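In what follows, a structure is listed as structure tokens, so that the remarks can point back to it.
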Amino acid sequence: MERAGDFLGKVVRRLDRPEAALAWLASAWPTVVGPTLAAHTRPLRCDAHYLELTADAPAWQKPLEHMKRELCARINQAWGGTLAREVQFVPAKPGPRKISREADN
């Protein structure tokens, strides 16, 4: 029996749409890079073999700069083809902070 992630990856590859590839990558991210890296990084954009990632802190981004080739290899292996040839890190945009339930009323 085929795993759902493998089957969906094949379907998404046929769509040939950047947003479909990004959706697949975002869902497969913990499997591709492992739970520790996935907890601190996330894919933002994937188009024309160019992948933008963000890390939640510069302390994570710096060591990952040296892993760009390995990240591309892992992504491409999981995708079953060439999805990423180049990885670029972009700063995390400040978003809304988590508000306590009490303060949200």
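Derivation of every value follows stated rules applied to the coordinates shown; laboratory data play no part. Treat the numbers as computed from the prediction; the structure is a model and nothing was measured. Every residue, glycine among them, receives a Cβ derived from its backbone with ideal geometry; neighbour counts consider all protein chains shown.
Just a few scattered comments:
- Assuming charge only on the beta carbon of Lys and Arg (+1) and of Asp and Glu (-1), the dipole of region 34-82 about its Cα centre is about 80 debye to the nearest 20.
- Fraction of alpha-carbon pairs over 14 Å apart in region 24-71 - percent: 49
- Taking 7 Å steps out from each Cα toward its Cβ at D47 and N76 produces label points 2.2 nm apart.
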